[in-house]
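Written out below as structure tokens is the structure these notes cover.
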Amino acid sequence: MKQLARTPKQLGAALRRRRRNLGLRQGDIGNMTNLRQATISALENGEPGTRLRTLTHVLAALDLELVVRERSSGSKEMEDLF
């Protein structure tokens with residue numbers, strides 16, 4: 001699974017797709033990570049204020065990793081994202 005996510009909403013959508021592909025509910029991820037289901041929902045919806053620790057716990061539960069690389073050409077300027 002290779003997906004590009006540049007915004008919190010895109011990242012949340014990618015996490016949701018992975019969770020669903022694994023046949024898991026938000027509560028299942030919550031139990032695996034000791035996080036509330038509401039926290040998983042907020043992360044999947046791209047809501048602001050998610051802690052990096054929360055993200056890394058959910059990534060691990062979904063057997064995913066975060067890769068940081070230079071933006072590909074033709075991508076929007078940073079100011080256009082916010």
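Things worth noting here:
- Residue in segment 31-74 that is most open to solvent (accessible area, probe 1.4 Å), counting only those that are β-branched (Val, Ile, Thr) and part of a loop (DSSP other than H, G, I, E, B): Val68
- Residue list for segment 11-26, restricted to those being in a helix (DSSP H, G or I), of a type outside the set (D, E, K, R) and surrounded by 13 or more Cβ atoms within 10 Å (Cβ to Cβ): Leu11, Gly12, Ala13, Ala14, Leu15, Gln26
- Of all the criteria given as (1) modelled with pLDDT under 95; (2) open to solvent by 50 Å² or more (accessible area, probe 1.4 Å), the one not satisfied by Thr7 is (2).
The values are calculated or read from the model by the stated rules, or taken from the named source; none is laboratory data. Small disclaimer: the values here were computed from a predicted structure and weren't measured. Here the Cβ is made from the backbone with ideal geometry for all residues, glycine too, and neighbour counts use every protein chain on show. Keep in mind that these areas ignore ligands, DNA and RNA; they rest on the heavy atoms of the full protein, side chains included. Shrake-Rupley method; radii C 1.70, N 1.55, O 1.52, S 1.80 Å.
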